[in-house]
Every structure is written in structure tokens, then in C-alpha cells.
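What follows is a single structure, written as C-alpha cells, with notes after it.
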Amino acid sequence: MGFRQMRSRDLSSDSNAQKILLVGDVDSAILDFDAIGEFPFQISTNMLDAIDIASKNNFVAIAVVMSGSSSRLSLALKALRDINPDAKIILLAHMYEEPAAMKLIGMAANGKNVADGYLICPIEAKRLREFIEPADSLSRTMSGAVVNIDAAMKNKVEQLEKLATEDELTGLKNRRYTWEFARQIIEHARQENGRVTLLIFDIDDFKHYNDVYGHTAGDEILQQAAILMQRSCRQHDIVGRIGGDEFAVVFWDDPLIKPAGTETERRTLADHPKEAIFIAKRFRRELKKAKLDSLGPEGKGVLAISGGLASFPRDGSTIQELFAQADNALLDAKRSGKNRIYLVGGPKSDIADIE
Amino acid sequence: MKNSDSNQHVIVIGNSADRFIQHVINLLVEYDAKVVLCEDVYQAVGQWTRNGFSTVLLVGRLEHLNRENGRFFQKAKENCHTCCCFVEGLLARRQKQISAIEEVGGFIINEPAGFEHVLEKWLASGGLQPQVKKANSCSSGFFKDEFLTTKAELDALIGV
């Protein structure tokens, strides 16, 4: 059954069936509605209408798309929880909304959390369904005793998710995750008139260290760089290892974090790539102090990087354009003698010259 | 006029520590009205739907009622409920929101004391929306003379 047909499905004829209420811009959050299968569902694009509908029906689950939802989502979720206390409330969050989703899940209303979990979207409807109705959470042992496998299964899923999104050596996000995050946050910035800055950098003479000191030294360099960059960044910035010795950092403005100071000061802070430049400089200072045991007594302060910085919308309007621009700036930095970070725009844009 | 009809409920939206809300509640107690206090519009919609309230006066500060891009006012109208918004300060700055309330036939008051007048009118009308005199209908416009007076007062206040 196609999505368009299912959208108009009459709930009243399924009074005993398990129903799902989808709230918000579901077209952008759910990829394939066919997989919802036999579940009757109803869509409400507005939260107040959703509360109205939830008051008149019993839903097994209510899935709320966070993007474009009310700025007072916690209040709306509390109302939904009060009305349908037994319904599973699931947040459909984009990658950049993950911290907000986690925060909402931690909030309670009448002794119950306002939401039961979140899924990173866009998702396949199949995943939403699995979340609502986990496949056989009870299992029988050889002796026939029923054991709960929820915890074990949860652990396994967490491990798999980690493997799919993280770089094993450094613990940073992997290329796929970083790319997808950057793509989503650029889309979001386009709608919200926001800004995003991308830094791509690599380790100067990494091949030399690898060849002379061995792969253990190479691994230590990568791990050190990862630790120092994460330490230099703000918590919500995404740091990823996107190639052998190549890293990317996505700088964006988390709406949950309200910088202190006057309106003018806040605007200046959010000015891209100013904040990113400040962080990149801090990272380079940290690198200079780093001591690498595997390089022996001369291992202190030798590590250097070259990088390129590109900002949305100034330097590119798509993720492809932004990566290409930042990569070109990185190449310029290399050609100009390494150990520097260039802004898009040529050799004159060394961030060391920017106050 | 004291004592409200059994179907008439007043939903007060806001914080009980708010002086305007306290004034409204005290007055409603005096009038022996059926009152429900809700923290926000989401709770309010849940209350009137779940409890099947048919005739509701929704009272609160404009900033608390003007949620979801004005959808709350529209929902109130669809359900034949009446909104009463308290607007503090310069009305001219809120012209857009005030127009949204006017479109659904709601009341706007500029002082807490103005609520008693609205309550009297609402109770006397049986809670019908502006100019709704036909049964089972909720087109807007009740108290047209009253509404026009309010509009004139508003215009004077904002210097139109």
C-alpha cells in the first residue's frame, strides 16, 4: 500500500488496532511508509491538532518530528504524555538535534519521562516500527525458562551503531557520519538562515613518521591529534577522521547553547568562521605542546598540521561544494609550505594573520 | 450575573504566580465559574478535548495564547470557544497578533480589570462566540457592536 493511500486511512474502522500518531513534517523524516504495514496511523502537522487527536484516540505510539516543532516541545510532550500515558513517545531527530532529544528524554512529567526514546532521521519506517514493537524481547532458554534479552540486545545494537559511526582507532566519528552530519546541518542552516564552517586538516609529513618510526608511532600521532582536537572544540562540534591522516571538523551553532554577553557580542561570536578560527588556533597551540613517546626524545612539539576552512553559505551552498573548497584551501596550505590553515580564498588567507 | 451554565467552563492559561492570572481566578471564584488552570495551550487543548467541554472561555496573556503560529486561536474558533487575551504595554507593537485574535472574534483587554466586563458578556451570551446566534454554528462576529467598540478603542490606543 502506498503512502498517499495510507495517509487517508480511516482510524475509526480500526478501533481495536494499534495506532500510531505521526506529528510534524513526516515526509522529511520517514523515508518509506510502506513498511509501516498493517499499523493504522494518523498524521498531524501541527502539535495542537496532534493533542486534539490524541485526546480522542488511543495510540500505541506517538512519533514526533523535532524539526520545525514548537520551540516549547517539552510542554507539548508533557501534554501528549498526560493524554496518552501508555503510548510510547518517540522523537524523530536529525543528527544535530540529538543533544536536544537526549535532554527531552531526561525530562519527566507525572513521574514518567516526556519521551521514551529517539531515532535519528531520516529513517525507514521499518525502523520506527521495530522501535515501537521490538521483535520478541523475550526468549526461552534450553530449559524453557523465559529470560529477558532486552539488555543484551540493546548492548549489541549499541555496539553495532558505534561500529557504523565511529573510527575504531581514534574514537572520532567516521567519514560517513561526518559527511551525513554536515549534509543535514547545512540543510538546516539553509532553512534557518544559519551558518556552518568546515575544517579539513591532515598531519604534516605523516608518511615520514610512519615510515621512519613505524605504524605504532603513526597510530599514536593520529590518536593524539584526535584527542587534542576534541579537547579544543566545543562539545557540539563534530570531529571526524575522514581518511588515513585526514580529519574534518564541522562547526555549527547549537541553538541550545546561548552565548553570554550583549546581542552584538553574541552575533560576533556566532560569526563564521571566526569561532572556528579561534578553535583551530587553540588546536595548533595544543599540538605544539604535545609529547609523542613513540618519536623518542625529539617527539615534543614536532607535530604540525595543514588545513583548509570553508563556510556555508559564503564558500559553498552544498556539502560537496564545501568539502571541495576546504580541500582546495588545504592543498594551497600544503603548497605554501605546510604548518598552516588557510581560509578559502588563497595564500593570503592564513588564519595566523587573522586577529 | 453570577453562576455559569453547566456547560460553560473557563480555562485560564498561565502561571498561578502571575498577578493577572491571580486576578482572573479570584474573579472567577466570585462568579462561581467552573475554572481549569492550565500552564500552557497544549494542556488547555488536552483539557477541553478530553473532558468534552463544549463552551469555553480561554483567558491568558497574549504571549501565552499566541502559540503555534496562531493555530491556538484557530482551534478555539473551530471548537466555538472564545479567547480573551490580556495585552500589556504598547498595543501597536502587537498589531499582527491582535489582528489574529480579532479574526477569530476574541476579546482583547489592556487592563486586568477589563476581564470582568468580558466575563459578564460571555456568561450572558451563554458562551457563544461573537455574533453566533444560530445553534450549532460558530461563525465569528458575536457582540458586533461590542466588538466594534473594542476595535475603536484599540485604534485609539495604537493611534490609528
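The values are calculated or read from the model by the stated rules, or taken from the named source; none is laboratory data. Note that the structure is predicted; figures quoted are calculated from it, not measured. Cβ atoms come from the backbone with ideal geometry, glycine included; neighbour counts cover every protein chain shown.
General remarks:
- Residue among B:VAL45, B:VAL24 that alone is part of a helix (DSSP H, G or I), within 14 Å of chain A (Cβ to nearest Cβ), within 15 Å of the chain's Cα centre (by Cα) and modelled with pLDDT of 95 or more: B:VAL45
- Residue ID - farthest from the other protein chains (Cβ to nearest Cβ), chosen from residues in the stretch B:27-42 that are in a helix (DSSP H, G or I) and over 27 Å from A:ASN58 (Cα atoms): B:GLU30
- Filter result (crowded, with 20+ Cβ neighbours inside 10 Å and over 12 Å from the mean Cα position of the chain (by Cα)) within the stretch B:74-86: B:LYS75
- Breaking point among (1) part of a loop (DSSP other than H, G, I, E, B); (2) modelled with pLDDT of 85 or more, for A:ALA17: (2)
- Scanning the stretch B:59-73 for residues that are facing chain A (nearest Cβ under 9 Å) and buried (at least 22 other Cβ atoms within 10 Å of the Cβ), we see that the one that is nearest to the chain's Cα centre (by Cα) is B:PHE72.
- Some residue of the stretch B:50-63 being free of Cβ contacts under 8 Å to residues at least 12 places away in the same chain, over 11 Å from A:LEU48 (Cα atoms) and touching a helix residue (DSSP H, G or I) at 6+ places or on another chain (Cβ under 6 Å): yes
- Residue within the stretch A:262-282 that is touching a Lys or Arg at 6+ places or on another chain (Cβ under 6 Å) and either of a type in the set (A, V, I, L, M) or modelled with pLDDT of 75 or more (or both) present: no
- Residues in the stretch A:178-204 that are in a loop (DSSP other than H, G, I, E, B) and within 19 Å of A:ILE242 (Cβ to Cβ): A:ASP204 only.
- Yes/no for B:VAL10 being in contact with a Leu (Cβ under 6 Å, 6 or more places away or on another chain) and away from chain A (no Cβ under 14 Å): yes
- Checking B:GLY14 against (1) more than 15 Å from B:LEU119 (Cα to Cα); (2) small (Gly, Ala, Ser); (3) surrounded by 18 or more Cβ atoms within 10 Å (Cβ to Cβ); (4) modelled with pLDDT under 95, the condition it does not meet: (4)
- Taken across the stretch A:50-61, residues that are surrounded by fewer than 20 Cβ atoms within 10 Å (Cβ to Cβ), modelled with pLDDT under 85 and over 13 Å from A:LEU128 (Cβ atoms) do not occur at all.
- Enumeration of residues in the stretch B:38-56 that are farther than 21 Å from B:CYS80 by Cβ and surrounded by fewer than 19 Cβ atoms within 10 Å (Cβ to Cβ): B:GLU39
- Filter result for A:ALA87 (touching a Phe, Trp or Tyr at 6+ places or on another chain (Cβ under 6 Å), within 14 Å of chain B (Cβ to nearest Cβ) and either surrounded by 15 or more Cβ atoms within 10 Å (Cβ to Cβ) or at pLDDT 80 or above (or both)): yes
- Tally, over the stretch A:295-332, of residues that are charged (D, E, K, R), at pLDDT below 90 and assigned to a helix (DSSP H, G or I): 1
- Of the residues making up the stretch A:185-216, just one is surrounded by 20 or more Cβ atoms within 10 Å (Cβ to Cβ) and of a type in the set (S, T, N, Q), namely A:THR197.
- Filtering the stretch A:91-100 to residues that are over 15 Å from A:GLY24 (Cα atoms) and among the hydrophobic types (A, V, I, L, M, F, W, C) leaves A:MET95, A:ALA100.
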